[in-house]
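As structure tokens, the structure follows; a few thoughts come after it.
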Amino acid sequence: SRVEQILGELNQANRVVAEINNADLVGQVRLGCIESRVVSFLVPIMTKFRQQHPHVQFDIYDADGEEIKERLDQGILEIGIVSSPISTAKYHSLRLPVTDRWGLAVPMGSPLAEKTVITADELDNVSLIVPHRSLILDELQTWLHPQNGQLKIVAETNLLSNACYLAAGGMGSVVCIEGAPRPADAKLKFIPLQPEHLQDSFLIWRKNVRLSEPARLLIQTTQSTIDSQNE
């Protein structure tokens, strides 16, 4: 882990040096992003950014929020797109105008598929496939407070696509957000939790770490886009 951090810092220093005295913006934006409809908000920003700065490339890493933060800490990534709950002690954060709701993706043949909402009482003895995030697991226990005091978790995954195929194979139902992309051939139905639980999205970057010029400008562009939408 320490070696990866040192190499990340070295690569970052090399990028900063390469940018000096260049008339055109060059380099990479190393970005980690969760599986969420937040991508739909980011795509127009990134597309416009590339049109303005055609020599900049995006290096996009798809992962869960915990792994993205680990890679930020190691200097492998510069920017992360993560969801709540988050700890912002180490990071600057920019709240993005994207909110998702939590629920269950269930196989069409499941008795739960007839529901329009799912309450905590209806999850008693339901096999659950959950995100591999400690903060999310803690929140699930708080939200759902099952009668027997413990959720019936049969698997943890960090990629929703794999979780959906497990559910399609009969292992259980997937705890996920509505906007995250699910494989169509898994044939799952999303049912929101009741009472409703929402998830916010944030753009984060390390405090006290010098960003490359492309990364800094992308954050600035994102902030400007949000400000213009709020006017």
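If I ask for residues that are of a type outside the set (A, V, I, L, M), open to solvent by less than 70 Å² (accessible area, probe 1.4 Å) and more than 12 Å from Pro44 (Cβ to Cβ), which ones from the stretch 213-222 would you list? Full working, then the answer.
Within the stretch 213-222, the first condition is being of a type outside the set (A, V, I, L, M), and the residues that meet it are 213-214, 216, 220-222.
Those left that are additionally open to solvent by less than 70 Å² (accessible area, probe 1.4 Å): 213-214, 221-222.
Listed by number, the residues that qualify are Glu213, Pro214.
Yes or no, residue by residue, for (1) at pLDDT 90 or above; (2) closer than 25 Å to Ala168 by Cβ; (3) out of contact with any Gly (no Cβ under 6 Å at 6 or more places or on another chain):
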residue: Phe49; (1), (2), (3): yes, no, yes
residue: Glu67; (1), (2), (3): no, yes, yes
residue: Ala89; (1), (2), (3): no, no, yes
residue: Val106; (1), (2), (3): yes, yes, yes
residue: Glu122; (1), (2), (3): no, yes, yes
Conditions (1) modelled with pLDDT under 90; (2) open to solvent by 30 Å² or more (accessible area, probe 1.4 Å); (3) more than 14 Å from the chain's Cα centre (by Cα) -> Phe58 fails only (1)
For Arg182, the lone unmet condition from (1) among the basic types (Lys, Arg); (2) in a helix (DSSP H, G or I); (3) under 16 Å from Glu35 (Cα atoms) is (2)
Residue set Leu218, Leu166, Leu140, Leu193; condition closer than 19 Å to Tyr91 by Cα and among the aliphatic types (A, V, I, L, M); output residue Leu218
Listed by range, strands (runs of 3 or more DSSP E) wholly within the stretch 64-163 having at least 1 residues that are open to solvent by 20 Å² or more (accessible area, probe 1.4 Å) and either farther than 24 Å from Trp205 by Cα or among the small types (Gly, Ala, Ser) (or both) are 91-107, 153-157
### Message
Here is a check on your reading of the model: is Val209 hydrophobic (A, V, I, L, M, F, W, C) and either within 26 Å of Val98 (Cα to Cα) or surrounded by 20 or more Cβ atoms within 10 Å (Cβ to Cβ) (or both)?
### Response
no
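The values are calculated or read from the model by the stated rules, or taken from the named source; none is laboratory data. From a predicted model like this one, the values you see are computed outputs, not experimental measurements. For neighbour counting, all protein chains shown are included, and Cβ atoms are generated from backbone atoms with ideal geometry for every residue, glycine included. For the accessible areas, the whole protein counts, side chains as well, though only heavy atoms, and no ligand, DNA or RNA atoms are used. Shrake-Rupley method; radii C 1.70, N 1.55, O 1.52, S 1.80 Å.
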